[in-house]
Amino acid sequence: MTDHSAQTLHIVGGGMAGSEAAWQAANMGVQVVIHEMRPKVETFAHQTGNLGEMVCSNSFRSDDDEQNAVGLLHWEMRQANGLIMTTADQHRLPAGGALAVDRDPFAETVTARLKAHPNVTVSYEEITELPADGNWIFATGPLTSPELGKAIQAETGAEALAFFDAIAPIVYAESIDMSQAWMQSRYDKGETEEERTAYLNCPMDREQYEAFIDALLSADKTEFHEGETAGYFDGCLPIEVMAERGRETLRHGPMKPVGLTNPHQPDVKAHAVVQLRRDNALGTLFNIVGFQTKMKYGAQTEVFRMIPGLENASFARLGGIHRNTFINSPTLLDAQMRLKRKPNIRFAGQITGVEGYVESAAMGLLAGRMAAAEILGQELPEVPQDSAMGALIHHITGGAEAKTFQPMNVNFGLFRPVDGLKGGRRGRKDRYKAYTDRAKAAWQAWLSNFS
Ligand SMILES: Cc1cc2nc3c(=O)[nH]c(=O)nc-3n(C[C@H](O)[C@H](O)[C@H](O)COP(=O)(O)OP(=O)(O)OC[C@H]3O[C@@H](n4cnc5c(N)ncnc54)[C@H](O)[C@@H]3O)c2cc1C
């Protein structure tokens, strides 16, 4: 292994997050070594030995920095001279409002820019342990090598490291029709009023349930990628697989109607009930409990809008099940993305429980700057929660519900509401503009801490 001097920053993984982290730290004057296992050790999804390789789609999604949270993240990263964004701009392809790129030249340029940087060295090797000393960022992504996965698990405990995500769809609270839904925990369980009303319930009669099962059975589904195991964990079977096992299975599982009374129709017993649970401390997002799925995105919106109360639902993210290594960041990491038990180690990228190229690069950008500031002895104020960067890091390191923690895309549901603005669909345009204006000002103020 290369230089272990106290001032060197070691970054494991040269993907979206690791490449960005290296660039940011190197630009602050810190010596960086990127340890990348490819091309010596391969993953099932990567095709090359390039740094910053896009493993699937060639899109960084919406580039609209006024009305879209991911577009806002692009803007914030550009303001911070982000390697991933500035290189994406260089290799942009026409794609309407989206930022799509020519993937091979993109990754070749990311690699070339890092290799040409006087403060960056690339060491092609697999790292299989969490070192006890030195400054480290682990940005090994959803396909972290199995040996390193074992070492992380030994440090964090089996409960705190997942090898799959089983994502239930997440709905914006404001888009749920509360004239049909109601808040109540099963059998009114709980010590406090908040606990007794922790779930949001959507009732179905027999006819609605039967139609829902038919729709689940006939919906378009995605298959696992080659090389991903198709074995599901107990307890996270996709709902459509549960439905295939018998038409009544869901009614005896996540959709059981017991212990609940519909205040809108107290005399009518629901045939089935879909439950949603708060997904963030702000109460702006709700996940549909037990509804992890392999249905295609188009099919999901169609099928889930059949649920009474969700006819006009807007989704912060749709469901999925993928091979994905990620840690329980809300319990394991401090606000600076350091492992609480081993603060010489930071995590960044998808392994921290964000989802997507842009979000991964964004967390790399923060981790790189934070690690460099620590090495240089600079104090950094907390990343402002009102910026897109801040909303995301705050979510993974504290705002998210640790027990049900699953990877998250950036979305406006993670932002604190702006006072005095209209809720609902009508006020959306103004609200999003207010979020993005506030975010930009907060982010620029934070960046002014770096000379
Ligand atoms: C199959 C698949 C498809 C995806 N498709 C999309 C998509 O279309 N759009 C999207 O936005 N997101 C997608 N994602 C999610 C995610 O955004 C990307 O995986 C993204 O690249 C994550 O960035 P990262 O830096 O965290 O990880 P990566 O970009 O995967 O980088 C991690 C790097 O660490 C290296 N590494 C792993 N273990 C070790 C080790 N022990 N030692 C040294 N190096 C190691 C890997 O070789 C890799 O280069 C997909 C994920 C997967 C698995």
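The values are calculated or read from the model by the stated rules, or taken from the named source; none is laboratory data. Being a predicted model, the structure only gives us computed values, none of them experimental. Backbone-built Cβ (ideal geometry, glycine too); neighbour counts: all protein chains shown.
Tabulated data for the structure shown
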{"read-out": "Filtered residues of the stretch 134-149 (kept if closer than 23 Å to Met370 by Cα and either assigned to a loop (DSSP other than H, G, I, E, B) or in contact with a Phe, Trp or Tyr (Cβ under 6 Å, 6 or more places away or on another chain) (or both))", "value": "Gly134, Phe138, Ala139, Thr140, Gly141, Pro142, Thr144"}
{"read-out": "Flag for Glu36 being more than 18 Å from Gly349 (Cβ to Cβ), within 12 Å of the ligand (Cβ to nearest atom) and acidic (Asp, Glu)", "value": "no"}
{"read-out": "Flag if Ala45 is crowded, with 18+ Cβ neighbours inside 10 Å, among the hydrophobic types (A, V, I, L, M, F, W, C) and not in a strand (DSSP E or B)", "value": "no"}
{"read-out": "Single residue of Ala45, Ala17, Ala69 found to be within 20 Å of the chain's Cα centre (by Cα), of a type in the set (A, V, I, L, M), within 13 Å of the ligand (Cβ to nearest atom) and at pLDDT 95 or above", "value": "Ala17"}
{"read-out": "Any chance Asp188 is under 27 Å from Met408 (Cβ atoms) and either of a type in the set (Asp, Glu) or in the same structural domain as Glu240 (by TED's automatic domain parsing) (or both)", "value": "no"}
{"read-out": "Tally of residues being assigned to a loop (DSSP other than H, G, I, E, B), under 13 Å from Thr404 (Cα atoms) and among the aliphatic types (A, V, I, L, M) across the stretch 261-290", "value": "2"}
{"read-out": "Only one of Gly52, Gly14 that is crowded, with 23+ Cβ neighbours inside 10 Å, touching a Leu at 6+ places or on another chain (Cβ under 6 Å) and part of a loop (DSSP other than H, G, I, E, B)", "value": "Gly14"}
{"read-out": "Residues satisfying the stated conditions in the stretch 369-408, i.e. at pLDDT below 95, touching a strand residue (DSSP E or B) at 6+ places or on another chain (Cβ under 7 Å) and more than 19 Å from Ile327 (Cα to Cα)", "value": "none"}
{"read-out": "Extreme residue, farthest from the ligand (Cβ to nearest atom), among residues of the stretch 200-225 that are over 26 Å from the mean Cα position of the chain (by Cα) and among the hydroxyl-bearing types (Ser, Thr, Tyr)", "value": "Tyr209"}
{"read-out": "Hits in the stretch 236-249 (condition: out of contact with any strand residue (DSSP E or B) (no Cβ under 7 Å at 6 or more places or on another chain) and part of a helix (DSSP H, G or I))", "value": "Ile239, Val241, Met242, Ala243, Glu244"}
{"read-out": "The stretch 409-446: number of residues that are modelled with pLDDT of 95 or more, surrounded by fewer than 15 Cβ atoms within 10 Å (Cβ to Cβ) and either not polar (S, T, N, Q) or not in a helix (DSSP H, G or I) (or both)", "value": "4"}
{"read-out": "Complete set of residues in the stretch 119-162 that are of a type outside the set (A, V, I, L, M, F, W, C), surrounded by 15 or more Cβ atoms within 10 Å (Cβ to Cβ) and closer than 19 Å to Asn328 by Cα", "value": "Thr140, Gly141, Pro142, Thr144, Ser145, Gly149, Gln153, Glu155, Thr156"}
{"read-out": "Residues of the stretch 334-387 classified as at negative phi, within 16 Å of the ligand (Cβ to nearest atom) and of a type in the set (Gly, Ala, Ser), total", "value": "8"}
{"read-out": "The stretch 265-281, subset surrounded by fewer than 21 Cβ atoms within 10 Å (Cβ to Cβ) and touching a Phe, Trp or Tyr at 6+ places or on another chain (Cβ under 8 Å), residue farthest from Leu217 (Cα to Cα)", "value": "Arg278"}
{"read-out": "Residue match in the stretch 346-361 (condition: surrounded by 24 or more Cβ atoms within 10 Å (Cβ to Cβ), at pLDDT 95 or above and in contact with a His (Cβ under 8 Å, 6 or more places away or on another chain))", "value": "yes"}
{"read-out": "Those residues of the stretch 154-180 which are under 13 Å from Ile288 (Cα atoms) and either among the aliphatic types (A, V, I, L, M) or in a loop (DSSP other than H, G, I, E, B) (or both), in sequence order", "value": "Ala166, Ile167, Ala168, Pro169, Ile170, Val171, Ala173, Ile176"}
{"read-out": "Residues of the stretch 329-345 classified as assigned to a strand (DSSP E or B) and either within 12 Å of Thr140 (Cβ to Cβ) or of a type in the set (A, V, I, L, M, F, W, C) (or both), total", "value": "3"}
{"read-out": "Odd one out for Ala88 among (1) more than 16 Å from Ser57 (Cα to Cα); (2) part of a helix (DSSP H, G or I)", "value": "(1)"}
{"read-out": "Pairs where the first residue, in the stretch 429-451, is farther than 23 Å from Arg369 by Cα and the second is among the basic types (Lys, Arg) and in a helix (DSSP H, G or I), C-beta under 9 Å, 6+ apart", "value": "none"}
{"read-out": "Qualifying position, being surrounded by 23 or more Cβ atoms within 10 Å (Cβ to Cβ) and not in a helix (DSSP H, G or I), among Thr293, Thr325", "value": "Thr293"}
{"read-out": "Filtered residue count, the stretch 190-226, keeping only those that are in contact (Cβ under 8 Å) with a residue 40 or more places away in the chain and over 30 Å from Ala45 (Cα atoms)", "value": "14"}
{"read-out": "Inter-residue pairs, beta-carbon under 8 Å, first closer than 14 Å to Arg346 by Cα and in the stretch 321-332, second among the acidic types (Asp, Glu) and away from the ligand (no atom under 16 Å from the Cβ), 6+ apart", "value": "Asn328/Glu159; Pro330/Glu401"}
{"read-out": "Only listed residue being over 19 Å from Arg38 (Cβ atoms) and of a type in the set (Lys, Arg), chosen from Arg92, Arg113, Arg103", "value": "Arg92"}
